[in-house]
Amino acid sequence: MFNVIIFGPPGSGKGTQSANIVKKYQLKHISTGDLLRSEIANGTKLGLQAKKVMDEGKLVSDDIIMGMIDSVFINNPDVKGFLFDGFPRTTAQAESLDDLLHRQKSSVKVVLAMNVGEEELMKRLIHRGKTSGRSDDVNPQIIKARIKEYHDKTEVVLSHYKKENKVVPIEGEGTKEDIFEKINTALDKH
Ligand code: AP5
Ligand code: MG
């Protein structure tokens, strides 16, 4: 299996680039943020629990996230590989993912680490907040809380994959097309 992680702070273009990557490399896209928003839209108990936390810009518990990932694995036994977007976000999630993949005699192949400055992140998300309907995009304080949560809990996940030489830094500012080119170059090497 060809498993890829697209990693980066809120607004760094994970979702935007994922759409292109899954088309070209025929991977199954897993965005834990999208999965959570669909639970919320369906009014499930899990969605209700998650919404409170997401509206504060905080991370949802590892148990909830790993439960969702387990279901995706069970429901997609025959894929060529997964593209994980916005997951794993804690070292515990990264370790659980390693275990899950290991049981399938597979592993994470590449981590694309999107680098975008904080000013640009704020600009993009405030702009998207005007139309996205995402409650965590509307208030600049919540956007800042999401970025802080990234620095406090998520950035450290990179060390987990750096130890295994899997991280490829991608300059994430510029046109969406140029950034996709850089991602292609990185993935084609694998
Ligand atoms: P999630 O949905 O993952 O959101 P996020 O990480 O905050 O990031 P975004 O989706 O906002 O940004 P993105 O990097 O995908 O960028 P995008 O392509 O959209 O998570 C939401 C919440 O769910 C979390 O806060 C947490 O509560 C919870 N959660 C999710 N996963 C979790 C996990 N594993 N563990 C615990 N909790 C979890 O682009 C952003 C904007 O910029 C768009 O408008 C886009 O058009 C624009 N843009 C993109 N590229 C460019 C470019 N090159 N130039 C100009 N504009 C650009
Ligand atoms: Mg996203």
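Residues are listed down the side, and each one gets a yes or a no for (1) under 16 Å from Gly172 (Cβ atoms); (2) without any contact (Cβ under 8 Å) to a residue 60 or more places away in the chain; (3) within 15 Å of ligand 2 (Cβ to nearest atom); (4) among the acidic types (Asp, Glu):
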| residue | (1), (2), (3), (4) |
| --- | --- |
| Arg89 | no, no, yes, no |
| Ala92 | no, yes, no, no |
| Ser96 | no, yes, no, no |
| Asp99 | no, yes, no, yes |
| Arg103 | no, yes, no, no |
| Leu112 | yes, no, yes, no |
| Asp136 | no, no, yes, yes |
| Ala145 | no, no, no, no |
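Does any residue in the stretch 1-18 that is farther than 10 Å from Leu83 by Cα come within less than 7 Å, Cβ to Cβ, of a residue that is of a type in the set (Asp, Glu) and within 9 Å of ligand 2 (Cβ to nearest atom) six or more places away or on a different chain, and which pairs are these?
Lys14/Asp85; Gly15/Asp85
Please go through the stretch 152-182 and pick out each residue that is out of contact with any strand residue (DSSP E or B) (no Cβ under 7 Å at 6 or more places or on another chain), free of Cβ contacts under 8 Å to residues at least 24 places away in the same chain and not acidic (Asp, Glu).
Ser159, Lys162, Lys163, Asn165, Gly174, Thr175
Which condition number in (1) touching a residue at least 60 places away in the same chain (Cβ under 8 Å); (2) touching a strand residue (DSSP E or B) at 6+ places or on another chain (Cβ under 8 Å) is the one that Asp55 fails?
If we test Asp55 against (1) touching a residue at least 60 places away in the same chain (Cβ under 8 Å); (2) touching a strand residue (DSSP E or B) at 6+ places or on another chain (Cβ under 8 Å), just (2) comes out false.
Rule-based calculations on the coordinates, nothing more; no lab input. Please read all numbers here as calculations on a predicted model, not as lab measurements. Glycine also receives a Cβ, built like all others from the backbone with ideal geometry; neighbour counts cover every protein chain displayed.
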